[in-house]
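Enquirer: Just passing along the structure, written as structure tokens.
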Amino acid sequence: MNFVWKILEIYADDGLITSAKYLCSVVDGEKSVDTEGYWTFQEPQMTVPFDQVTEEMIAHWIEDSSVVDGKNIIKSRLVEQLKTLQKQPVPAPWMPQVFTPNI
């Protein structure tokens, strides 16, 4: 599986990035799932000057900040949705049933 992060917008206060709008995608073969959201940093910090911040840095900060109990909550939800896509659906009991004869 391959995760791809895009930072769509950033918000700053006094030169510190306080939050970001992101798009994260996971791809596995021909199937993919995307999620878009806002992440607010609990303690905005800058280790480099504002004009040197890159999209990759902010994506990494979101990845690090979104780990709960050793599990990245954004990535794990995407993987869960991707696994659901890979399952074969069955018709619900209240829907018309399709009969396909074996010949």
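Enquirer: Of all residues in region 13-47, count the ones that are surrounded by 13 or more Cβ atoms within 10 Å (Cβ to Cβ) and outside any strand (DSSP E or B).
Expert: Residues that pass the stated criteria total 3.
Enquirer: A follow-up question, please. Does Glu36 count as under 13 Å from the mean Cα position of the chain (by Cα), under 21 Å from Glu9 (Cβ atoms) and at pLDDT 90 or above?
Expert: Taking the combined requirement at face value, the residue satisfies it.
Enquirer: Within region 51-68, is there a residue that is of a type outside the set (A, V, I, L, M) and modelled with pLDDT under 90? Please lay out each step first, then the result.
Expert: From region 51-68, those of a type outside the set (A, V, I, L, M) are 51-52, 54-56, 60-61, 63-66; that's our starting set.
Next cut, modelled with pLDDT under 90 only: 51.
Scanning region 51-68 turns up at least one residue that is of a type outside the set (A, V, I, L, M) and modelled with pLDDT under 90.
Enquirer: Go through region 48-59 residue by residue and tally those that are in contact with a Lys or Arg (Cβ under 9 Å, 6 or more places away or on another chain) and either basic (Lys, Arg) or open to solvent by 50 Å² or more (accessible area, probe 1.4 Å) (or both).
Expert: Residues in region 48-59 being in contact with a Lys or Arg (Cβ under 9 Å, 6 or more places away or on another chain) and either basic (Lys, Arg) or open to solvent by 50 Å² or more (accessible area, probe 1.4 Å) (or both): 1 in total.
Enquirer: May I pose another question? Do any residues in region 81-94 that are touching a residue at least 24 places away in the same chain (Cβ under 8 Å) have Cβ atoms under 9 Å from those of residues that are aliphatic (A, V, I, L, M), where the two are at least six apart or on different chains, and which pairs are they?
Expert: Close Cβ pairs (under 9 Å, with a partner that is aliphatic (A, V, I, L, M)) amount to Gln81/Val26; Gln81/Val33; Leu82/Met1; Leu82/Val26; Leu82/Val27; Leu82/Val33; Leu85/Val33.
Enquirer: Select from region 2-12 the residues that are in contact (Cβ under 8 Å) with a residue 12 or more places away in the chain and either surrounded by 14 or more Cβ atoms within 10 Å (Cβ to Cβ) or closer than 19 Å to Ser65 by Cα (or both) and list them in ascending order.
Expert: Phe3, Val4, Trp5, Lys6, Ile7, Leu8, Glu9, Ile10, Ala12
Enquirer: What number of residues within region 15-25 satisfy the criterion of being of a type outside the set (S, T, N, Q), touching a helix residue (DSSP H, G or I) at 6+ places or on another chain (Cβ under 9 Å) and modelled with pLDDT of 95 or more?
Expert: 3
Enquirer: Right, next: Which of the residues belonging to region 76-90 are open to solvent by 80 Å² or more (accessible area, probe 1.4 Å) and assigned to a helix (DSSP H, G or I)?
Expert: Of everything in region 76-90, those that are open to solvent by 80 Å² or more (accessible area, probe 1.4 Å) and assigned to a helix (DSSP H, G or I) turn out to be Arg77, Glu80, Lys83, Thr84, Leu85.
The values are calculated or read from the model by the stated rules, or taken from the named source; none is laboratory data. Values in this document were obtained by computation on a predicted structure and should not be read as measured data. Please note: Cβ atoms are built from the backbone with ideal geometry, for glycine as well, and neighbour counts cover all protein chains shown. Accessible surface is based on the protein model in full, side chains and every heavy atom, while ligands, DNA and RNA are left aside. Shrake-Rupley method; radii C 1.70, N 1.55, O 1.52, S 1.80 Å.
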